[in-house]
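The values are calculated or read from the model by the stated rules, or taken from the named source; none is laboratory data. Treat the numbers as computed from the prediction; the structure is a model and nothing was measured. Note that we place each Cβ from the backbone using ideal geometry, even for glycine, and neighbour counts take in every protein chain shown.
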Amino acid sequence: MVGDVSQTVDNVALLPAYLAAGTAVLVLLADLAVARRGATLGAFVAGAAATGLAAVLVGLDGVRRTFCVGTACSYQATGRAALVGCLFALLSLGVLALSVPLLRAGEVPAGEYCFLLACSMTGGVVLGAAGDLITLVVALETLTLPLYVLVGLRRRGVAGAEAALTFFVVSVVATAVTLLGAALLYAATGVVHLSALGTALAAGPSPRESPLAVVGAVLVVCGLAFKVAAVPFHAWAPATYDGAPVPVAAYLSTASKLGGVVALLAVVGAGPGAAAASAPPAGSATPTPLPAEVTGPVLAVVAVLTMTVGNLVALRQRRMVRLLAWSSVAQAGYVLAPLGALALPAGRSPEALDTAVAAAVAYTIFFVLLELAAFAAVVALRPVAADGGEITDYQGAARRRPWIGAALVLALVGLAGLPPGLAGLFAKVVVVRSLLAGDAGWLAVVVALNAVVGLAYYVRVAAVLYAPEPAASRAGDEAAASTTPPEAAGPAARPDGSGSGPAAVRPAWAVVTALAVATVLAIVVGFAPQLVLSVSAM
Amino acid sequence: MTGLGGVDLGGVGLAATVGLPALGALTLALFPARLDRAARITGTVFAAATLVVGALLAVGAADHAGGWSAHRPAPVGAPGPRPWHELDLAWVPGLDLRFHLGVDGVSYPLVVLTALLTLLCCGHLLWRVPAPGRGRTLVALLLVVEVGILGTFLALDLVLFFLFFEVVLLPTYAVIAVWGGEDRRRAARKFALYTLFGSVLLLVGVLTVTTAAGTADLVALTGGAGLPRGTQLAAFTLLAIAFAVKSPLWPLHTWLPDAHTQAPTVGSVILAGVLLKMGTYGLIRVAVGVAPEGARRAAAVLGILAVAAILVGSLVCLAQTELKRLIAYSSVGHMGFVLLGIATLSATGLQAALIGNVAHGVITGLLFFLAGAVKDRAHTGDLADLGGLRESAPRLAGLLGFAAVASLGLPGLAGFWGEAFAVVAAWQRGGPLWTTLAGLAACGGALTAAYLLRLLRRVTHGPASPAVLTLTPRLAGAELAAWAPLVLLTLVLGLAPALVLGVTEAPVGALLEAIR
């Protein structure tokens, strides 16, 4: 509007986004030109690693902005953006490692799979730096759009197609809701930049008297709540996770959820770099992009519902991936809980807001790490390219494969928030602490009580893993064929000579590596949680 | 003694007390399954080393202000525990969490008791591993439980205290769920969910205090640290419920009979012997120490519940028909006496609670060992099928009689001091309420005698039942070795209670000074 047309573009700030998009193109070209799986995977790994590295390097360089109108910028390469970009690159790498057996078995076409994953990663990298509502929504859609295809990409079975359709319909509605909210906010204030939005809303008539802005804010929050699968916008998640290939489910519950959280934090907390962006005179706090009086109560209600419903429904799950899906719904509740402190005036002071945002980010980091480890262990324990299966299929799995079983138990116990899963324990401590600092003791008690419900189902799975092996599984591989789902009993399910059980196919080394890295990282941040706390407070 | 950040010999000892069992558990995890016996021996060696190091923590106590015998008034401006040795290292500054350990007269007897019982249990496992075998894992789990319990007793940082409190939960769950009786799964799940319910409230309580005070240092926080009244009351309520679940205090005790009955012998011994003490210790050191204002307001409620626990526990015991279940329920009554002592908030009461803690750990540990021995031989725990044990196994019956008599609080044996002085402390508190409570608690003491004598009559006397006639009366050397220290301690603590009271006197005085 006011800026001149020929503005300069800070290409260094955009480097991670370029690299991520370049990865997608490179993967596609490699698939076309070389047509070998190894080359495609190699291109992806190199590209994702470069993206992560670039994100960190650019982040270390200080705050960079570009596409600015006045002081408001659409793209802000802040520390938070570096963190998000790096996380997305790592999660994409992890998920790719989990997908190796799937690709090797020819269940999904490697080129398309890697291309879509890289596209999704690009969305995530841009999302962390988004400085206005439009960039935010576009980045989030870039993140989500490839997933519709990834969910249903499997060559056999209708479950994937069903899951993809569910996901597609719900997600499109969610995007429409978010866009409608953004449009209403624009109508009310005339700005879309996150850093200007708060000021504009605060300067205008009080939010309570401006129904347009209030409705807009609520719609944006609700639309984004779909992406994190928060109750009551969660119904798509279990069906989609269970129908999707397990690695894609892992991506949905880690990277995609991270994207939703980042987007929510951008509009609810201080947006990336907001403190420095509009540079208000010292002493007066930058208002949050959306009025906290409106978003706080909404988030508090959503958080309470999400963890309670997620945990209670998870108690009744019989299928592994569905259980993980419901548990990740519940975990989204813990992530949102610190922001619920905004519902009370004491939670809206700048320090309390900073604490709440940092706590949400820290919890998310702990969570994605443990969740990725859990999914990696599930992939490693299942026959090649099989779905998650029933929980009873895992009976005695930890006795057949002590290390993988132990890693899965560690991840589950961490998700429950108990030692020896110290990472999860500290995650809970961070959330409860931030809630108490924000004077939201009631919400802290709700979080705490939910942890008890959570333990009930995590410990059930852990007990199944260490239960004596069922007699049928010792009979040999004939039993294996009957317990594995039909679509898995294809060329993939090659019997193992040792005959030590139905799932006794040696897991691919890439899966084991991903599991090992995730587990070691979980143990390291369990003993040195300050690493995560420092990073998330940036 | 110790400068912040600097580590002296005492600090190394503290780290070793917690670190040795952890190291032992890790070592055991790396043992191959076929070296089961070697692994169990290694675990026992680690447990023995822990006991030695733990016992040596008393060295250097005498020349310290809060020392062994030298009771001096607390210096002004330095309230709270004055540990004999300290270890204070930074860990997670973002959460106010420091690796701060310390030992004083309140924690020392419990540390030694924990290390001793764990060693005895490991030794017992050398001799016999309960079904389904895999003794290596069981020993490793016991060592992890020991890490948690010792850490809880030694932690001088509230968040660290909570961490160690939580460490115990899952290993204990596994011990019950894998090596327990027929109904082990349900009992283990009940235990885990109940205790987690307690410890999440502990988390909220601990963080309420630390966010309000801006520090998690127990030494600085003892005495209330100027926390507002409302915060103290809220914190005390949360902490008291948390510890009441663990102790357990009626009506939050329902996990205990199932867990203790279903757990294997070694599990029951650790559960009853030291795990419950985490609750009472926490109540004294954390709940009363950090939120004294709340404690004063809630003392009456706590006292009433404690007396209710004594009466209910005793009455339920009178109706029990299963040996282990009876002993388990007797813990509810005995811990009621301990809690009554704490509720009086007087020097006598707190001293009674501390010695009652130790005595209960020793006696109930012995009782569970003996009950396990009887059940292993007779293959039943039903009192109706156990008559006449004296006829076929006189030594076992004699030991059971000794432990039961000690448990009912016969003067001259360990159980007497804690229970008698809890009643005395309540009486000294005066007023109609506390006088009534003292009277009722004394009646509860009589009921305790009634059910334990009933137990003896049913089990040791009368005509021998078929199950008892066929049992092998011979006691293995390993069994005697495991029981002898406990028998000895029961006698020693009964005859010379000053061994514990002398150590606890100074810190209790300091605590009362701080919370006044």
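Every residue in the stretch A:310-348 that is among the basic types (Lys, Arg) and either in a loop (DSSP other than H, G, I, E, B) or within 19 Å of A:Leu425 (Cβ to Cβ) (or both), please.
Across the stretch A:310-348, the qualifying residues are A:Arg316, A:Arg318.
Determine, yes or no, whether A:Val25 is surrounded by fewer than 21 Cβ atoms within 10 Å (Cβ to Cβ) and more than 24 Å from A:Val512 (Cα to Cα). First the steps, then the outcome.
On the way: surrounded by fewer than 21 Cβ atoms within 10 Å (Cβ to Cβ): yes; more than 24 Å from A:Val512 (Cα to Cα): yes.
So A:Val25 passes the test.
Are any residues in the stretch B:198-223 of a type outside the set (Gly, Ala, Ser) and more than 7 Å from chain A (Cβ to nearest Cβ), and if so, which ones?
Correct list: B:Leu202, B:Val206, B:Val209, B:Thr210, B:Thr215, B:Asp217, B:Leu218, B:Val219, B:Leu221, B:Thr222.
So which residues in the stretch A:437-461 are facing chain B (nearest Cβ under 10 Å), surrounded by 24 or more Cβ atoms within 10 Å (Cβ to Cβ) and more than 21 Å from A:Val321 (Cα to Cα)?
A:Gly438, A:Ala444, A:Val447, A:Ala448
Can you tell me which residue within the stretch A:524-538, out of those that are surrounded by fewer than 18 Cβ atoms within 10 Å (Cβ to Cβ) and not in a loop (DSSP other than H, G, I, E, B), is nearest to the other protein chains (Cβ to nearest Cβ)? Walk me through it before giving the result.
So the first thing to find is which residues in the stretch A:524-538 are surrounded by fewer than 18 Cβ atoms within 10 Å (Cβ to Cβ), and the list is A:524, A:527-528, A:530-531, A:534, A:537-538.
Checking which are not in a loop (DSSP other than H, G, I, E, B) leaves us with A:524, A:527, A:530-531, A:534.
Working: A:Val524: 13, A:Phe527: 9, A:Gln530: 5, A:Leu531: 10, A:Ser534: 7 Å.
Checked the stretch A:524-538; the qualifying residue nearest to the other protein chains (Cβ to nearest Cβ) is A:Gln530.
What is the one condition in (1) modelled with pLDDT of 85 or more; (2) in a loop (DSSP other than H, G, I, E, B); (3) of a type in the set (Gly, Ala, Ser) that B:Ala58 does not satisfy?
Checking B:Ala58 against (1) modelled with pLDDT of 85 or more; (2) in a loop (DSSP other than H, G, I, E, B); (3) of a type in the set (Gly, Ala, Ser), the one that fails is (1).
Output yes when any residue across the stretch A:408-429 is under 20 Å from B:Leu170 (Cβ atoms), at pLDDT below 90 and surrounded by fewer than 24 Cβ atoms within 10 Å (Cβ to Cβ), and no when none is.
yes
Every residue, every condition in (1) at positive phi; (2) among the charged types (D, E, K, R); (3) crowded, with 18+ Cβ neighbours inside 10 Å, yes or no:
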residue	(1), (2), (3)
B:Gly398	no, no, no
B:Ser407	no, no, yes
B:Glu419	no, yes, yes
B:Gly444	no, no, yes
B:Thr448	no, no, yes
B:Tyr451	no, no, yes
B:Arg457	no, yes, no
B:Ser465	no, no, yes
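Go through (1) within 24 Å of A:Gln395 (Cβ to Cβ); (2) surrounded by fewer than 20 Cβ atoms within 10 Å (Cβ to Cβ); (3) at pLDDT 90 or above and name the single condition A:Thr513 misses.
A:Thr513 satisfies every listed condition except (1).
Step by step: first the residues of the stretch A:401-435, then only those that are within 13 Å of chain B (Cβ to nearest Cβ) and of a type in the set (D, E, K, R), then the one that is farthest from A:Ala462 (Cα to Cα). Which residue is that?
If we take residues in the stretch A:401-435 being within 13 Å of chain B (Cβ to nearest Cβ) and of a type in the set (D, E, K, R), then A:Arg433 is farthest from A:Ala462 (Cα to Cα).
Could you check how many residues of the stretch B:232-245 are touching a Ser or Thr at 6+ places or on another chain (Cβ under 8 Å) and either on the phi > 0 side of the Ramachandran plot or away from chain A (no Cβ under 14 Å) (or both)?
Counting residues in the stretch B:232-245 that are touching a Ser or Thr at 6+ places or on another chain (Cβ under 8 Å) and either on the phi > 0 side of the Ramachandran plot or away from chain A (no Cβ under 14 Å) (or both) gives 1.
Here is a list of conditions, (1) touching a helix residue (DSSP H, G or I) at 6+ places or on another chain (Cβ under 6 Å); (2) modelled with pLDDT of 85 or more, and B:Trp91 meets all of them except one; can you say which number that is?
Of the numbered conditions (1) touching a helix residue (DSSP H, G or I) at 6+ places or on another chain (Cβ under 6 Å); (2) modelled with pLDDT of 85 or more, the odd one out for B:Trp91 is (1).
Out of B:Leu143, B:Leu160, B:Leu154, B:Leu138, I need the residue that is away from chain A (no Cβ under 14 Å) and crowded, with 23+ Cβ neighbours inside 10 Å. Which one?
B:Leu154
Given the options B:Leu345, B:Leu354, name the one that is within 23 Å of B:Val106 (Cα to Cα), buried (at least 19 other Cβ atoms within 10 Å of the Cβ), of a type in the set (A, V, I, L, M) and over 19 Å from the mean Cα position of the chain (by Cα).
B:Leu345
Can B:Ser331 be described as among the polar types (S, T, N, Q), crowded, with 24+ Cβ neighbours inside 10 Å and at pLDDT below 90?
The answer is yes for B:Ser331.
Considering only residues of the stretch A:127-148 that are touching a strand residue (DSSP E or B) at 6+ places or on another chain (Cβ under 8 Å) and within 18 Å of A:Arg64 (Cα to Cα), which is surrounded by the fewest Cβ atoms within 10 Å (Cβ to Cβ)?
A:Thr135
For the list (1) part of a helix (DSSP H, G or I); (2) buried (at least 24 other Cβ atoms within 10 Å of the Cβ); (3) within 17 Å of the chain's Cα centre (by Cα), I need the number of the one condition that A:Gly198 fails.
Going through (1) part of a helix (DSSP H, G or I); (2) buried (at least 24 other Cβ atoms within 10 Å of the Cβ); (3) within 17 Å of the chain's Cα centre (by Cα) one by one, A:Gly198 breaks only (3).
Among B:Gly223, B:Gly230, which is over 20 Å from A:Gly438 (Cα atoms) and surrounded by fewer than 24 Cβ atoms within 10 Å (Cβ to Cβ)? So that I can check it myself, show each step before the final result.
Values: B:Gly230 fails: over 20 Å from A:Gly438 (Cα atoms).
Residue meeting the stated conditions: B:Gly223.
Checking B:His379 against (1) in contact with a Gly (Cβ under 9 Å, 6 or more places away or on another chain); (2) exposed (fewer than 14 other Cβ atoms within 10 Å of the Cβ); (3) farther than 30 Å from B:Leu305 by Cα, only one condition comes out false. Which one?
The one condition B:His379 does not meet is (1).
Scan the helices (runs of 4 or more DSSP H) fully inside the stretch A:227-272 and keep the ones with 2 or more residues being without any contact (Cβ under 8 Å) to a residue 40 or more places away in the chain and surrounded by fewer than 24 Cβ atoms within 10 Å (Cβ to Cβ). Before the answer, list the steps.
Details: elements: A:236-243, A:246-251, A:257-268.
Hits in the stretch A:227-272: none.
Are any of the residues in the stretch B:275-296 in contact with a strand residue (DSSP E or B) (Cβ under 8 Å, 6 or more places away or on another chain) and either at pLDDT below 90 or among the β-branched types (Val, Ile, Thr) (or both)?
no
Filter the stretch B:179-197 down to the residues that are under 13 Å from A:Val453 (Cα atoms) and more than 8 Å from chain A (Cβ to nearest Cβ), then identify the one that is surrounded by the most Cβ atoms within 10 Å (Cβ to Cβ). Break it down stepwise before answering.
Let us first name the residues in the stretch B:179-197 that are under 13 Å from A:Val453 (Cα atoms), namely B:189-190, B:192-197.
Among the residues that remain, those that are also more than 8 Å from chain A (Cβ to nearest Cβ) are: B:190, B:194-195.
Details: B:Lys190: 19, B:Tyr194: 21, B:Thr195: 28.
So the residue we want is B:Thr195.
Which of the residues belonging to the stretch B:163-173 are more than 8 Å from every other protein chain (Cβ to nearest Cβ) and of a type outside the set (Phe, Trp, Tyr)?
Those that are more than 8 Å from every other protein chain (Cβ to nearest Cβ) and of a type outside the set (Phe, Trp, Tyr): B:Val168, B:Pro171, B:Thr172.
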